[in-house]
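Since the structure comes first, as structure tokens, the remarks are kept for the end.
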Amino acid sequence: MSILVLGGAGYIGSHAVYQLIDQGYEVAVIDNLQTGHQGAIHPKAHFYKGDIRSREFMKTVFEKENVEAIMHFAANSLVGESMLEPLKYFDNNVHGTQIVLEMMKEYGVKHIVFSSTAAVYGEQEIMPIAEEAAELPTNTYGETKLVVEKMMAWCEKAFDLKYVSLRYFNVAGARSDGQIGEDHNPETHLIPVVLEAALGKRPAITVFGDDYDTSDGTCIRDYIHVEDLIAAHILALKYLQNYGQSNIFNLGSSQGFSVNEIIETAKEATGIDIPVQFGARRSGDPSTLIASSEKARQVLGWNPARTSIKQIISDAWNWHQHHPNGYEGEQYD
Ligand code: UDP
């Protein structure tokens, strides 16, 4: 039986595939390679290139694989883009997941671990944010993830489906052996963008707004190492397989860092005086997002091991230094 990883050629999905295979799981990957990379796919995974929105394609995979459970990372995930192209987000993230759930129903697959986001919370008064906080997304991306959470909850009432939705805060870092890492085109996430500026691939890092109501005026986020994040997914899978109820968990480090603090730490980690410039706020950005991850610790027994922000940035830097052009131009079997 295999774990089917949707979006297994992407940044977070590929780290999941590697960790699952490390732990002895059989893994099948679906990816349309729209944002994923052939070179990020583990050579031992059974790879199916195609789109989750195609029922015909999905059926061919479910006919071939004996799917035990699903990890679903296949989505568009850029806050800024989601404000400009909302329908692209509803189509891929919501409609795409609808097809996934249809397949689960048709083929009797009961368990799904879903990638959700802190963006479902929007602006909150109380930090850190617990799972009971009101869901008030300020961008389309967060809204689409919230719709999927609701869709799964309604499906659970109607048929035999159990889900864990994991609300990620800011994921960064790379596998410590440097084999896989973060490679988006265009890159928009803060840590890789800062590291691209360190490599001289862009002239400077632009700070999006320094007039927020925070200690230094720049946005505060909670950064979590991708390897810790994936460890929580595997615990969530085991939780469902041990008859755990459908549930929602935040995944973060419970520590907040401002954009300026990230840049300063990146300067230390790289030893490079990264050029900085200040720009306008980015549409849809909440000022502060910090997680309470108590529930994941208590219920899943999650114990993140790579919580130092310097280590997160250093692991990302290790990948960027050795793969300055990401996966591009590299030879893969
Ligand atoms: N950010 C920035 N410059 C950049 C990219 C991001 O100032 O080039 C800021 C962004 O406005 C946000 C924080 O860094 O406050 C984290 O953004 P990112 O896109 O990494 O993640 P998000 O919080 O949007 O999921």
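Structure data summary
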item: Failed item in (1) modelled with pLDDT of 95 or more; (2) buried (at least 16 other Cβ atoms within 10 Å of the Cβ), with residue 139 passing the rest; result: (1)
item: Qualifying residue in region 122-141 (condition: within 16 Å of the ligand (Cβ to nearest atom), part of a helix (DSSP H, G or I) and closer than 23 Å to residue 89 by Cβ); result: yes
item: Selected residue (only one of 258, 293 is away from the ligand (no atom under 16 Å from the Cβ) and out of contact with any helix residue (DSSP H, G or I) (no Cβ under 7 Å at 6 or more places or on another chain)); result: 293
item: Residue satisfying all of: in region 309-333; surrounded by 15 or more Cβ atoms within 10 Å (Cβ to Cβ) and among the hydroxyl-bearing types (Ser, Thr, Tyr); nearest to residue 84 (Cα to Cα) among these; result: 327
item: Answer residue from region 254-276, given it is more than 30 Å from residue 126 (Cα to Cα) and among the charged types (D, E, K, R) and is surrounded by the most Cβ atoms within 10 Å (Cβ to Cβ) among those; result: 267
item: Contacts under 8 angstrom Cβ, first residue in region 162-187 being in contact (Cβ under 8 Å) with a residue 24 or more places away in the chain and under 29 Å from residue 129 (Cβ atoms), partner away from the ligand (no atom under 16 Å from the Cβ) and basic (Lys, Arg), 6 or more apart; result: 162/110; 173/306; 181/175
item: So residue 263, is it within 16 Å of the ligand (Cβ to nearest atom) and assigned to a helix (DSSP H, G or I); result: yes
item: Where a residue in region 116-130 is touching a residue at least 12 places away in the same chain (Cβ under 8 Å) and its partner, wherever it lies, is among the acidic types (Asp, Glu) and part of a loop (DSSP other than H, G, I, E, B), with Cβ under 7 Å and at least six apart; result: 120/135; 121/135
item: Hey, residue 122 among the small types (Gly, Ala, Ser), more than 30 Å from residue 272 (Cβ to Cβ) and at pLDDT below 95 or not; result: yes
item: Any pair with Cβ under 9 angstrom, 6 or more apart, that starts in region 49-64 at a residue that is without any contact (Cβ under 8 Å) to a residue 60 or more places away in the chain and ends at one that is assigned to a loop (DSSP other than H, G, I, E, B) and acidic (Asp, Glu); result: 57/51; 58/51
item: Within region 166-180, considering residues that are away from the ligand (no atom under 13 Å from the Cβ) and modelled with pLDDT of 95 or more, the one surrounded by the fewest Cβ atoms within 10 Å (Cβ to Cβ); result: 175
item: Among residues of region 93-121, those that are among the basic types (Lys, Arg) and either closer than 17 Å to residue 292 by Cα or not in a helix (DSSP H, G or I) (or both), counted; result: 1
item: Residue in region 274-297 that is part of a helix (DSSP H, G or I) and of a type in the set (A, V, I, L, M, F, W, C) present; result: yes
item: Checking residue 289 against (1) buried (at least 18 other Cβ atoms within 10 Å of the Cβ); (2) modelled with pLDDT of 95 or more; (3) within 24 Å of residue 114 (Cα to Cα), the condition it does not meet; result: (2)
item: Selection from region 167-200 of residues that are outside any helix (DSSP H, G or I) and more than 19 Å from the chain's Cα centre (by Cα); result: 177, 199, 200
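Matching residues to (1) touching a Gly at 6+ places or on another chain (Cβ under 6 Å); (2) surrounded by fewer than 24 Cβ atoms within 10 Å (Cβ to Cβ); (3) polar (S, T, N, Q); (4) in contact (Cβ under 8 Å) with a residue 24 or more places away in the chain:
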site: 8; (1), (2), (3), (4): no, no, no, yes
site: 67; (1), (2), (3), (4): no, yes, no, yes
site: 73; (1), (2), (3), (4): yes, no, no, yes
site: 77; (1), (2), (3), (4): no, no, yes, yes
site: 87; (1), (2), (3), (4): no, yes, no, no
site: 102; (1), (2), (3), (4): no, yes, no, yes
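A quick yes/no check of all residues on (1) within 14 Å of the ligand (Cβ to nearest atom); (2) under 14 Å from the mean Cα position of the chain (by Cα); (3) not in a helix (DSSP H, G or I); (4) not acidic (Asp, Glu):
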residue	(1), (2), (3), (4)
202	yes, no, yes, yes
206	yes, no, yes, yes
218	yes, no, yes, yes
227	no, yes, no, no
238	no, no, no, yes
248	no, no, yes, yes
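The values are calculated or read from the model by the stated rules, or taken from the named source; none is laboratory data. Not measured: the values here are computed from a predicted model. Methodologically, a virtual Cβ is constructed for each residue, glycine included, from the backbone with ideal geometry; neighbour enumeration extends over all protein chains shown.
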